[in-house]
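The values are calculated or read from the model by the stated rules, or taken from the named source; none is laboratory data. Computed from a predicted structure; not experimentally measured. Note that each Cβ is placed from the backbone with ideal geometry, even for glycine, and that neighbours are counted across all protein chains shown. Each accessible area value is taken on the protein alone, full model and side chains, heavy atoms only, with ligands, DNA and RNA left out. Shrake-Rupley method; radii C 1.70, N 1.55, O 1.52, S 1.80 Å.
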Amino acid sequence: EPISGNISVDGTELKSKSDIRRWQTNISLVPQNIYLSDSSILSNIAFGVHKENMDLKKIEKVLKITQLYKFVMGLKDTYHYNVGEGGKNLSHGQRQRIGIARALYRETDLLVLDEGTSALDSKTQLDIIKQLNKLQNRPTVIMVTHRVEILENYDAIYEVKDGSLNRLAG
């Protein structure tokens, strides 16, 4: 809860803790270091969803967006490949892309990438951003990054410098 003032989203004030909590369920956060459980790729993407409720078409879609589909289909166990504790059987970039796939699987209104693509090369980052922009019900994306060159397709770009927030473009 704010110390002073109020929090509004799309003109609707969030007055109570339950209002704020309800809004928070519409946010997906992909941090730089992704938590992965010692289980399958499928379970890590559809994190918290019971097996019988997992949507394989949606899993396939988010794997394609994150450029993991060919990699996963090339694995002996495909979707059921065990990523190991903390994702130790994957590269850092693959773990980050599974984190993005998890966020997209949830289909929230707001996607926050907090250095969530830092382990990816610039081309892969741009390709994923282009795929996000093609989504019919695309989320609002807030990307925190040190790589300014990947921000060319964003509506607004802000820089945090010396404790100030400055609009650079858009």
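Counting only other residues whose beta carbon sits under 14 Å from that of S16, what net charge do I get with K and R as +1, D and E as -1?
Details: positive: K15, K17, R21, R22; negative: E1, E13, D19.
In short, +1.
So, for the chain, what is the accessible surface per residue at a probe of 1.4 Å, expressed in square angstrom? Show your work: numbers first, answer last.
Working: 10590 Å² over 170 residues.
It amounts to 62 Å² per residue over the chain.
Which percent, to the nearest 5, of DSSP beta bridges fully inside the chain are antiparallel? The partial results should precede the final answer.
Working: 9 of 19 bridges.
Looking only at bridges with both residues in the chain, the antiparallel portion is about 45 percent.
Cβ under 12 Å from S122's Cβ, S122 left aside: what net charge do those residues give with Lys, Arg +1 and Asp, Glu -1? Numbers along the way, then the final one.
Details: positive: K123, R147; negative: D121, D127, E149, E152.
Counting the neighbours of S122, the net charge comes to -2.
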Task: the chain, helix-only ellipticity at 222 nm - DSSP H runs n ≥ 4, -39,500 (n - 2.57), divided by all residues, nearest 500 - done: -9500 deg cm²/dmol
- [ ] Work out, step by step, the length gained on full extension between E149 and D162: first 0.36 nm times the residue separation, then minus their alpha carbon distance; give nm to one decimal.
- [x] 2.6 nm
Task: GNM top mover of T66, T117, T140 - the chain, alpha-carbon springs below 10 Å - done: T140
TODO: Using only Cα atoms, figure out Rg for the range 76-170 and give it as a multiple of 2.2 N^0.38 Å.
DONE: 1.22
Open item on the list: Report the gain in length on full extension from K70 to D121: 0.36 nm times residue separation, minus Cα-Cα distance, nm rounded to one decimal.
Closed with: 16.6 nm
Open item on the list: What whole-number distance in Å separates the alpha-carbon centres of the range 136-170 and the range 33-111?
Closed with: 26 Å
Open item on the list: For the chain, take the longest principal axis of its alpha carbons; what is the angle in degrees between that and the long axis of helix 92-106, to the nearest 10 within 0 to 90?
Closed with: 70 degrees
TODO: State the answer as a single residue: which of M73, P139, G116 lies farthest towards the positive end of the charge dipole of the range 51-170, with beta carbon charges of +1 for Lys and Arg and -1 for Asp and Glu, about the Cα centre.
DONE: M73
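Could you look at the chain and say what percent of its accessible area is carbon and sulfur, using a 1.4 Å probe and all protein chains?
Working: 5000 of 10590 Å².
Carbon and sulfur: 47 percent of the exposed surface of the chain.
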